[in-house]
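Shown next, in structure tokens, is the structure this report addresses.
The values are calculated or read from the model by the stated rules, or taken from the named source; none is laboratory data. It should be emphasised that the depicted structure is a prediction, and the values quoted were computed from it without experimental measurement. Positions of Cβ are backbone-derived with ideal geometry, glycine not excepted, and every protein chain shown enters the neighbour counts. When the accessible area is computed, the model is the full protein with side chains, heavy atoms only, and any ligands, DNA or RNA have been set aside. Shrake-Rupley method; radii C 1.70, N 1.55, O 1.52, S 1.80 Å.
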Amino acid sequence: MPRGKRRSTTAAPDMGPSEDDRHSSKRQRNTAYQSQSQSSRRYSKVDDAFSQKRCLTWFREYTTPNDPDTLGPEGMEKFCEDIGVEPENVAMLVLAYKMGARQMGFFTQSEWLKGLTDLQCDTAGKVQGKLEHMRNLLNDTNTFKLIYRYAYDFARDKDQRSMDIDTAKIMLQLLLGKHWPLYTQFAQFLEQSKYKVINKDQWCNILEFSRTISNDLNNYDVDGAWPVMLDEFVEWLRLFRMQATIS
């Protein structure tokens with residue numbers, strides 16, 4: 001046994017780390033990794049958290065020194081490019097609704113903060129991540145009705161009480177074009193009609209008509225409380241269909 005003890009003593013300088021040393025080193029590495037991982041997660045959470053300051057700084061990227069509190073048409077174009085949508089995309093209308101924006105093509109600072117705080121977005125990437133959510137809001141019947149009614153006051157010229165017919169056709173295409181089977185015929189009717197503007201009562205009743213009147217018009221009551229515009233549309237469409245059948 002003494003020889004064995006001497007061999008151990010002699011070999012000691014050439015031996016690697018002891019088992020305890022290896023466990024200690026491993027624990028230190030694990031502790032360091034966990035610390036870095038926790039730090040990374042904390043940073044990620046902080047970075048992902050909505051910041052009103054960051055949101056306001058982002059807003060300033062789209063304004064001018066002459067009017068720092070209003071995002072105008074040029075800024076709107078750049079904003080749309082940054083989030084990857086066209087200005088006429090329906091998601092932009094939903095976003096304007098969320099902001100309570102009062103005028104098409106403009107966002108005020110207070111409107112911007114209101115809408116993006118609600119959506120918890122302070123970067124272009126976050127808004128991109130919410131685009132599908134905003135489009136899906138239109139699938140809810142009540143929310144769609146609110147946005148549809150909002151669109152009238154949002155899009156009309158604030159100097160006029162009614163919406164000009166060209167703007168109305170654009171907004172109707174945006175909101176009803178894909179969902180109302182009679183939209184194409186209604187657009188054709190407007191093209192050849194005498195109407196130059198649409199008032200709010202007509203606007204609201206177009207939505208109700210699209211939701212309640214069947215495509216064959218069989219449940220349309222000519223003695224109902226529909227605006228004259230829709231009475232004329234029904235008469236026009238019935239004549240149009242009759243002529244198409246004859247020809």
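Brief remarks follow.
- Within the stretch 103-128, residues that are touching a residue at least 40 places away in the same chain (Cβ under 8 Å) reach partners that are of a type in the set (Asp, Glu) and surrounded by 17 or more Cβ atoms within 10 Å (Cβ to Cβ) with beta carbons closer than 9 Å, at six or more positions or on different chains, in the pairs LEU116/ASP122.
- So LYS194, is it closer than 23 Å to GLN160 by Cβ, assigned to a loop (DSSP other than H, G, I, E, B) and not β-branched (Val, Ile, Thr): yes
- Looking across the stretch 80-122 at every residue that is among the charged types (D, E, K, R) and out of contact with any Lys or Arg (no Cβ under 7 Å at 6 or more places or on another chain), the one that is farthest from PHE59 (Cα to Cα) is identified as GLU88.
- When residues of the stretch 113-131 are limited to those that are part of a helix (DSSP H, G or I) and among the charged types (D, E, K, R), the one farthest from GLY100 (Cα to Cα): LYS126
- When we screen GLU191, GLU208 for residues that are closer than 22 Å to PHE240 by Cα and among the acidic types (Asp, Glu), the only hit is GLU191.
- Scanning the stretch 68-105 for residues that are farther than 21 Å from ASN136 by Cα and open to solvent by 70 Å² or more (accessible area, probe 1.4 Å) yields ASP69, PRO73, GLU74, GLU77, LYS78, GLU81, ARG102, GLN103, MET104.
- Restricting the stretch 218-247 to residues that are touching a residue at least 24 places away in the same chain (Cβ under 8 Å) and open to solvent by 20 Å² or more (accessible area, probe 1.4 Å), the residue that is farthest from LYS158 (Cα to Cα): PHE240
- None of ASP157, ASP201 is over 30 Å from ALA244 (Cα atoms) and in a loop (DSSP other than H, G, I, E, B) except ASP157.
- Residue in the stretch 173-188 that is least open to solvent (accessible area, probe 1.4 Å), counting only those that are farther than 19 Å from GLU235 by Cβ and not aliphatic (A, V, I, L, M): GLY177
- The stretch 71-92 residues that are in contact (Cβ under 8 Å) with a residue 12 or more places away in the chain, paired with ones that are of a type in the set (Asp, Glu) and part of a loop (DSSP other than H, G, I, E, B) (beta carbon under 7 Å, 6 or more apart): CYS80/GLU86
- From the list ASN205, ASN215, the one residue that fits, being under 34 Å from the mean Cα position of the chain (by Cα), surrounded by 13 or more Cβ atoms within 10 Å (Cβ to Cβ) and at pLDDT 95 or above, is ASN205.
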